[in-house]
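The values are calculated or read from the model by the stated rules, or taken from the named source; none is laboratory data. A quick note: this is a predicted structure, and the numbers were derived from the prediction, not measured. Please note: Cβ atoms are built from the backbone with ideal geometry, for glycine as well, and neighbour counts cover all protein chains shown.
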Amino acid sequence: MAEVRSRARELTKWAVTLPPTAFLVAFFLLPALIVVAASFREPGEFGGLAPWPAHSLDAYRFLFGDVIYLEIFARSFAVAVLTTLICIVLAYPLAWLIAHSPAKRRDLMVLLVVLPFASNFLVRIYAWIMLLGPANLLFTPFAVIIGMVYVHLPFMILPLYTNLENHDPAWLEAAQDLGAPAWTRFWRVTFPLSLPGIFAGSALVFIPVIGIFAVPELLGGTRDILIGNLIKQQFLEDRDWPLGAALSILLTVVVLVLAALATWGARRRRHGAKAAP
Amino acid sequence: MALLELKNITRRFGALEAVKDVSLSIAAGEFFTLLGPSGCGKTTILRMIGGFDEPDAGDILLDGKSLAGVPPEKRPLHTVFQSYALFPHMSVAGNVAFPLEMARLPAAEIKRRVAEALSLVHLGDKAAQFPHELSGGQRQRVALARGLVNKPRLLLLDESLGALDAKLREEMQVELIAIQRAVGITFVFVTHAQDEALALSHRIAVMRDGRIEQCDEPDKLYTQPANRFVADFVGKINLFDVEVLAAGKAALKLAAPGLGEIAASDPRPLRVGERGAFALRPELIRIVDQKEAIELKNRFFGRVKELLYLGDVTLYKVELANGGVVEALMTNAAPGRALFHEVGDAVAVCWRHDAGVYLRN
Ligand SMILES: Nc1ncnc2c1ncn2[C@@H]1O[C@H](COP(=O)(O)OP(=O)(O)OP(=O)(O)O)[C@@H](O)[C@H]1O
Ligand SMILES: [Mg+2]
């Protein structure tokens, strides 16, 4: 009897997990493998790839042979870091405010935060072009950062709000009762307990920002292109698919390494805190 | 001079008067308890003492100085919250060190005081652990150590033992008394459990609907309740509606419907014909055979209607000839014998004339 039930449970598990797994294999894993393969092929004469079995390491040789690519990577990285930091600073007070509002108003405020998603992404970016153009700020790094922050801010606000909303108000009362003034209460209690929210939000902002091409393409100048633009150029303009593929893979590897470092750091922080007195 | 004084405190929430004209005076070193049913205003009083709430009228004095307008972080008193409110991102030692860090003590002193406080609550070996790794009783003791470590003038404890199971609760009660004696800090303890209040306190204030009904030592509260509510809330008791038949210090006579004529005593000058209640503790009643000769003025015949065997004692419900029901508690102290009476037995209940208390309406 128990065996039948456990087999039934096993079947249910498969039935539930199979469709999403199949979807991810077909539309994520396979394309990723195709990109990896493409990076070792040779470019076709009029775009695409040269006929099989032509292959080479030219794309990687090229990539690591020119400092310009490193520069673009560094610039993308800096933009992503700056965007993330600005998002943290802007999102924190807002998330705090929402979390400390009466329950009825809270839902409305969360709705307002996600409301921009209701209109088309490109329309919103064009709106920024209209705003920045007359102010002579279009096609500057400043415009790129504004666009990046604008697009990604909700992804910082939501996890931070979720985290802050779960704080027990008794923690702050206890801190105050034990002699902590307002700022100390924030830095010693609220802020450290909100770090998981900040980490989650940072991952949700940093990873898309480092690879995005639409925002720098529309708001940024031609001089300061980012890694996303570069990849797009290889596929659509320069017709060098292997180089574009190699750049994509490098970007993916960089993001994965950073994510692994962040996870490892967060875990070490926890253990470190445990060992301290 | 009293350490803490509450002078005619009133607190309103909209139309609700949660605390009504409460005055209290608590001496240094005292273990003082606020006892009362849920919603009677205990937490509200504690929050006003702690500074998290302000009274609408009245004043709170510490060492004779008004606390009005002093924020919680500036009051030399700490609270042990009902939920413990331990900081989840700090270790046990980190939690206990917090108030010392706020007081800017030197690091060496903090270390010494933390170790001292943790050994006081028997958690010396748990210093590096985190709150989520502790049992409920251990968390409770961390909260206690954190509240005591900075040697506040006053420690406020809100239903601090409420979340513990019965056995742990009893252990913590014993420990709480020992700790309070050891540190000599004044405790203001809040509970709705009357047995806990009796076991722990030097003095108890019994509250109802925002008012203090009686404030006395535990034994006074138990043996001389001021009114029906206190008599009923503290311990088990028989309450009968009565009318005074004859007044007189030792010759008080009361008429109780369903019972008969009760001989009692009361030092107050009572008026013949006034109505009140007669309160009698079950353990002061004896159950005997109807034939047994006995030298007690109060003796009523009846039958055992129900009994509740509790191991050490048995609670008998005896239905009297006049229809009234009396609850009597007898210890089961006779060797080799489980019960003295069975359901249906014809018995007599009796008590001394000074066993019960007359309560004026
Ligand atoms: N902030 C508030 N706003 C409105 N009403 C309140 C507030 N705080 C308490 N009350 C009301 O005041 C009354 C007393 O509440 P309080 O918390 O002091 O009771 P308590 O004696 O501590 O009860 P319990 O044993 O259940 O903790 C209750 O009726 C409660 O609903
Ligand atoms: Mg309460």
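Of everything listed in (1) more than 19 Å from B:Gln290 (Cα to Cα); (2) modelled with pLDDT under 90; (3) not small (Gly, Ala, Ser), the single unmet condition for B:Tyr358 is (2).
Here's the yes/no breakdown for (1) more than 19 Å from B:Pro131 (Cα to Cα); (2) more than 7 Å from chain B (Cβ to nearest Cβ); (3) touching a residue at least 24 places away in the same chain (Cβ under 8 Å):
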site: A:Leu160; (1), (2), (3): yes, yes, yes
site: A:His167; (1), (2), (3): no, yes, yes
site: A:Ala170; (1), (2), (3): no, no, no
site: A:Glu173; (1), (2), (3): no, no, no
site: A:Ala180; (1), (2), (3): yes, no, no
site: A:Trp183; (1), (2), (3): yes, yes, no
site: A:Thr190; (1), (2), (3): no, yes, yes
site: A:Pro196; (1), (2), (3): no, yes, yes
site: A:Ala200; (1), (2), (3): yes, yes, yes
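In region B:213-245, the qualifying residues are those that are closer than 14 Å to B:Ala355 by Cα and of a type in the set (S, T, N, Q), and the one that is surrounded by the most Cβ atoms within 10 Å (Cβ to Cβ) is B:Asn238. The residues of region B:264-280 that are in a loop (DSSP other than H, G, I, E, B) and either in contact with a Leu (Cβ under 8 Å, 6 or more places away or on another chain) or surrounded by 21 or more Cβ atoms within 10 Å (Cβ to Cβ) (or both), listed by number, are B:Ser265, B:Asp266, B:Leu270, B:Val272. Here is a check on your reading of the model: is B:Ala85 within 13 Å of another protein chain (Cβ to nearest Cβ) and without any contact (Cβ under 8 Å) to a residue 60 or more places away in the chain? Yes: the conditions hold for B:Ala85. Of the residues making up region B:13-25, those that are more than 12 Å from ligand 1 (Cβ to nearest atom) and out of contact with any Lys or Arg (no Cβ under 8 Å at 6 or more places or on another chain) are B:Leu24, B:Ser25. Only residues that are in a helix (DSSP H, G or I) and of a type in the set (D, E, K, R): list them for region B:182-238, please. Selection gives B:Asp195, B:Glu196, B:Asp219, B:Lys220, B:Arg228, B:Asp232.
Conditions (1) more than 28 Å from B:Asp219 (Cα to Cα); (2) of a type in the set (A, V, I, L, M); (3) outside the structural domain of B:Lys220 (by TED's automatic domain parsing), marked per residue:
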position	(1), (2), (3)
B:Pro267	no, no, yes
B:Ala279	no, yes, yes
B:Gln290	yes, no, yes
B:Phe301	yes, no, yes
B:Met330	no, yes, yes
B:Asp345	yes, no, yes
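Taken over region B:78-105, the criterion of being farther than 19 Å from A:Leu193 by Cα, surrounded by fewer than 23 Cβ atoms within 10 Å (Cβ to Cβ) and away from ligand 2 (no atom under 16 Å from the Cβ) is satisfied by B:Ala103, B:Arg104, B:Leu105. Criterion applied to B:Ile110, B:Ile49 was being more than 16 Å from ligand 2 (Cβ to nearest atom) and among the hydrophobic types (A, V, I, L, M, F, W, C), and the one residue passing it is B:Ile110. Take the conditions (1) within 14 Å of chain A (Cβ to nearest Cβ); (2) more than 11 Å from ligand 1 (Cβ to nearest atom); (3) within 20 Å of B:Leu161 (Cα to Cα); (4) out of contact with any Phe, Trp or Tyr (no Cβ under 6 Å at 6 or more places or on another chain); B:Thr43 misses just one of them, which is (2).
Each residue in region B:155-168 was checked for being more than 20 Å from B:Pro131 (Cβ to Cβ) and surrounded by fewer than 22 Cβ atoms within 10 Å (Cβ to Cβ), and 2 pass. Scanning for something modelled with pLDDT under 95, outside any strand (DSSP E or B) and surrounded by 20 or more Cβ atoms within 10 Å (Cβ to Cβ), does region B:252-263 turn up at least one residue? Yes, region B:252-263 contains at least one residue that is modelled with pLDDT under 95, outside any strand (DSSP E or B) and surrounded by 20 or more Cβ atoms within 10 Å (Cβ to Cβ). Quick one: is A:Gly244 small (Gly, Ala, Ser), at pLDDT below 95 and over 20 Å from the mean Cα position of the chain (by Cα)? Yes.
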